[in-house]
1. Report those helices (runs of 4 or more DSSP H) wholly inside the stretch 44-152 carrying at least 3 residues which are farther than 22 Å from Leu245 by Cα.
2. Going by the structure shown, is Ile199 touching a helix residue (DSSP H, G or I) at 6+ places or on another chain (Cβ under 9 Å) and modelled with pLDDT of 95 or more?
3. Within the stretch 153-193, restricting attention to residues that are of a type in the set (S, T, N, Q) and not in a loop (DSSP other than H, G, I, E, B), which residue is surrounded by the fewest Cβ atoms within 10 Å (Cβ to Cβ)?
4. Working only within the stretch 255-288, note down all residues that are within 12 Å of the chain's Cα centre (by Cα) and of a type outside the set (Val, Ile, Thr).
5. Val301 versus (1) without any contact (Cβ under 8 Å) to a residue 12 or more places away in the chain; (2) over 17 Å from Leu52 (Cα atoms); (3) assigned to a helix (DSSP H, G or I): which is the lone unmet condition?
6. Does any residue in the stretch 77-98 that is under 14 Å from Ile23 (Cβ atoms) and without any contact (Cβ under 8 Å) to a residue 60 or more places away in the chain come within less than 9 Å, Cβ to Cβ, of a residue that is in a helix (DSSP H, G or I) and hydrophobic (A, V, I, L, M, F, W, C) six or more places away or on a different chain, and which pairs are these?
7. Just to check your reading of the model, which residue among Val105, Val130, Val120 is over 16 Å from Leu18 (Cα atoms) and touching a residue at least 40 places away in the same chain (Cβ under 8 Å)?
8. Any idea which of (1) within 23 Å of Thr87 (Cα to Cα); (2) touching a helix residue (DSSP H, G or I) at 6+ places or on another chain (Cβ under 6 Å) is the one Arg241 doesn't satisfy?
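The values are calculated or read from the model by the stated rules, or taken from the named source; none is laboratory data. Keep in mind that this is a model prediction, so the values were computed, not measured. Cβ placement follows ideal geometry from the backbone for every residue including glycine, while neighbour counts extend to all protein chains displayed.
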Amino acid sequence: MFFSQSYSNISFFQPQTLLMIGIPACEAVHSWISIPFSSMCTVALMGNCLILLAVRRTPSLHQPMYYFLSMLALSDVGLILSTLPTTLAVPWFDYRFIGFNACLVQMFFLHSFPVVESSVLLAMSFDRLVAISNPLRYAAVLTNNVIIRIWVAIVARATLSLFPGPFLLKRLNYCPGRILLSHSFCFHADVMKLACADITVNILYGLYVVLSTVGIDSLLIVLSYTLILHTVMGLASPKERIRALNTCVSHILAVLIFYIPVIGVSMIHRFGRYLPHIVHALVAYVYLMVPPVLNPIIYSVKSKPMGGAMHKVLSRKGQG
């Protein structure tokens, strides 16, 4: 019923549509689950858009650290928007179908934006390293041209890394009876498991992307903070040490709330095949929703300049 062609006696098959489960075993309460989920989406979109507006409208925030924060906010907005149509269509309208090609497009963006976010977090760690280790040359090293080049390199890296993914899935032969996705969005690991073919290439490709992007970024972030600690411990005054480390707190929290869910999703997909489907779904939702929701809160609370600028933007809107 879901396919326009008969699949008897054919050697190659791709479904025209896929069926999304949403959150398994919770179908009866999907409408109630949609309330906190849609609230989180709203908070994430408003919070990150508020960061973008605050940086744009506040000249004192036209600094490398806040430019990188804007990139982080932009990637979070992109991640939310790439999954929003299907994640809300399932609980609100009970519409569970997604075209196969549309699924591949969503998958590309859903995996690209986390790679962008990981790269931005690495750039922010470099920003903190330069600011603490060589503050006199900070403005000379991180000029506007350098920041633009970093942003172009980040986008190019994510695009080139994820570009082969949809084509590697398009070449596979799929089983006519397998059309169920265990989420309300398209993960590479979920789609490739629907195939009735050797998926070794896809598995190796997924492992390569993770190791060459998030894996390398995490190691370089650890190296950056090792150098930062070495510099901080060389400061004579304890007050100077505390002040220097305080400038890193927001970034450290952002790194933790991004990488912990990423590690959780990777471990679940590779070693949790016998876990209940609801565990896979909940970990995936945490991976998608927690960083975009918490990043604006962290930076508005821990960064006084950013918190003040966001408050001014809200005050102007209230007066308008």
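1. Once the helices (runs of 4 or more DSSP H) in the stretch 44-152 are filtered for at least 3 residues that are farther than 22 Å from Leu245 by Cα, what remains is 64-93, 100-133.
2. Values: touching a helix residue (DSSP H, G or I) at 6+ places or on another chain (Cβ under 9 Å): yes; modelled with pLDDT of 95 or more: no.
Judged against the criteria, Ile199 is not a match.
3. The selected residue is Thr159.
4. Passing the criteria: Phe258, Tyr259, Pro261, Ala284, Tyr285, Tyr287, Leu288.
5. So the condition that Val301 fails would be (2).
6. Leu88/Phe37; Leu88/Cys41
7. Within the list Val105, Val130, Val120, the selection yields Val120.
8. All conditions pass for Arg241, except number (1).
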